[in-house]
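What follows is a set of notes on a single structure, which appears directly below.
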């Protein structure tokens, strides 16, 4: 993709070419996006963060949008803040600038159905402060990896050939060790700390 308007035009063409999607509109500023959203019900908003400075989109406004609609964010630099906010919203996607049109379309569909999708290159790498989870047992790491793959307790128990009660115990321990309040937050922390991969 090129820059600015040509990038937006390219993205709109890719989405319009898929007959299962309807594009509500294309805007170049946050104010225009707010106006568009006030007049329509949309399933997903796709944002190219590389145009954020010219569009007027700030972290506060992204946070506000996340409360209203799933976001598919396309950018060139991994951003821990955005990653964590998408995880907390429990729906949306973060993609690199190098993804294909098909990958963007799949991410839009996933976000619209309440799923999370990440380009692996956009998952923030561990920092020194991300030492949480270093005391997870190998079994807890296995359980966390299966949670990241979207498995429910029964499926994890079947996969590991242990009881659901034991799985619940492991998940409670994982949440405590990762200082997470939900499975989704535990998975996010596991990804950030490099314990697991998508």
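The values are calculated or read from the model by the stated rules, or taken from the named source; none is laboratory data. Values in this document were obtained by computation on a predicted structure and should not be read as measured data. FYI the Cβ positions are ideal-geometry reconstructions off the backbone, even for glycines, and counts take in every protein chain you see.
Against the conditions (1) closer than 24 Å to residue 6 by Cα; (2) assigned to a helix (DSSP H, G or I); (3) modelled with pLDDT under 80, residue 81 satisfies every one except (1). Of all residues in region 136-195, those satisfying the criterion of being surrounded by 17 or more Cβ atoms within 10 Å (Cβ to Cβ), over 22 Å from the mean Cα position of the chain (by Cα), touching a residue at least 24 places away in the same chain (Cβ under 8 Å) and not in a loop (DSSP other than H, G, I, E, B) are 140, 167, 170, 177.
Matching residues to (1) modelled with pLDDT under 85; (2) not in a loop (DSSP other than H, G, I, E, B):
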position	(1), (2)
2	yes, no
42	no, no
61	yes, yes
64	yes, yes
67	yes, yes
103	no, yes
